[in-house]
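The values are calculated or read from the model by the stated rules, or taken from the named source; none is laboratory data. Since we're looking at a predicted model, the values are computed, not measured. Glycine gets a Cβ as well: all are built from the backbone with ideal geometry, and neighbour counts include every protein chain shown.
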Amino acid sequence: MDKASTRRTDSQRRRLVLGAAGIALPLGVTGCATGSNAAGSGRQFAPPQVRPGDRWLYVEINRYNGLPLANVEVSVTNSYPLTCSVRRTRTDSTAGEIARANAVQEERYSEPWSVDVEPIYDLTMDFEQPMPILPSSLRVGASDSRATTYTVKGYSGRYRWSQRLRAVGAEKLVTPAGSFDCLRVQRTIWFDYPDVFRFGSARVDDAWYAPEVNRWVRREWTGDYQHENSFGKMGSRRREDWVRWDLLSYQPGPA
């Protein structure tokens, strides 16, 4: 089977599994986003203007049970290369543990927001080539496809990463930080995972970018994969974590 066919098969399986779990693709947010404008292709959003001292505070939520996992503070520490520190403070709730490093993590970008080092997932990924989280043209309908490899500290391999990105619509979004006009950008991702028993990993990562804060006010991701111990079983693809970040506050750095 060629690579394109494999990707289509993974995508079809993923839709079946998430559909069976009652989750529609693309991932929606009930009662929080209005005015989707996927048909209004061409609406343009202002590009991010990021500078040292910019600070965003998010709440990280376990979407399986709706409980908070942590508060996450992201601060711009350097312009060239664009670098952010990411500090997680775990809550005392029974949200369920999701593996994360305890130390302050580093986000690194070639530009806002094309990521070189990505700590948002369960493993911090160091990409060979920058991977856009937002399209270069911030308009409804913009799209992009990229492929690269990544490494993970503590593992000796280099792993495949392939993504398709599309600005799917303009939405009015309400978070604890307020109400924002957003460009919703969805990435569909296929990748190899360092666990040698895990195959055909697929992920959907949605970001709601708001020019008002120069970053996303919400980001949500989940995925699924095939495990070696479940080959051949009906419904055998396993779910990944399902995590959402909602903006609590934004503080711009000094001019």
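I'm trying to understand the selection: among the residues of the range 183-221, which are more than 21 Å from Arg63 (Cα to Cα), of a type in the set (A, V, I, L, M, F, W, C) and at pLDDT 95 or above?
Scanning the range 183-221 gives Leu183, Trp190, Phe191, Ala210, Val213.
Please pick out the residue among Val76, Val104 that is of a type in the set (A, V, I, L, M, F, W, C) and modelled with pLDDT of 95 or more.
Working: Val104 fails: modelled with pLDDT of 95 or more.
The unique qualifying residue is Val76.
Would the range 38-46 turn up any residue that is modelled with pLDDT of 90 or more and not aliphatic (A, V, I, L, M)? Reasoning before the result, please.
Within the range 38-46, the subset modelled with pLDDT of 90 or more is 44-46.
With the extra rule that they be not aliphatic (A, V, I, L, M), the set shrinks to 44-45.
There is at least one residue in the range 38-46 that is modelled with pLDDT of 90 or more and not aliphatic (A, V, I, L, M).
Name the residue that is nearest to the chain's Cα centre (by Cα), counting only residues in the range 126-145 that are part of a loop (DSSP other than H, G, I, E, B) and of a type in the set (A, V, I, L, M, F, W, C).
Just the residues of the range 126-145 that are part of a loop (DSSP other than H, G, I, E, B), to begin with: 133-138, 140-142.
When the remaining residues are screened for being of a type in the set (A, V, I, L, M, F, W, C), the result is 133-134, 138, 140, 142.
Values: Ile133: 8, Leu134: 11, Leu138: 17, Val140: 18, Ala142: 18 Å.
Checking each candidate, the answer is Ile133.
Return the pairs, sorted by first residue and then second, in which the second residue is aromatic (Phe, Trp, Tyr) and not in a strand (DSSP E or B), the first residue lies in the range 146-167 and is touching a residue at least 24 places away in the same chain (Cβ under 8 Å) and surrounded by 15 or more Cβ atoms within 10 Å (Cβ to Cβ), the beta carbons are less than 8 Å apart, and the residues are 6+ apart or on different chains.
As it stands, the answer is Tyr159/Tyr193, since those pairs meet every condition given.
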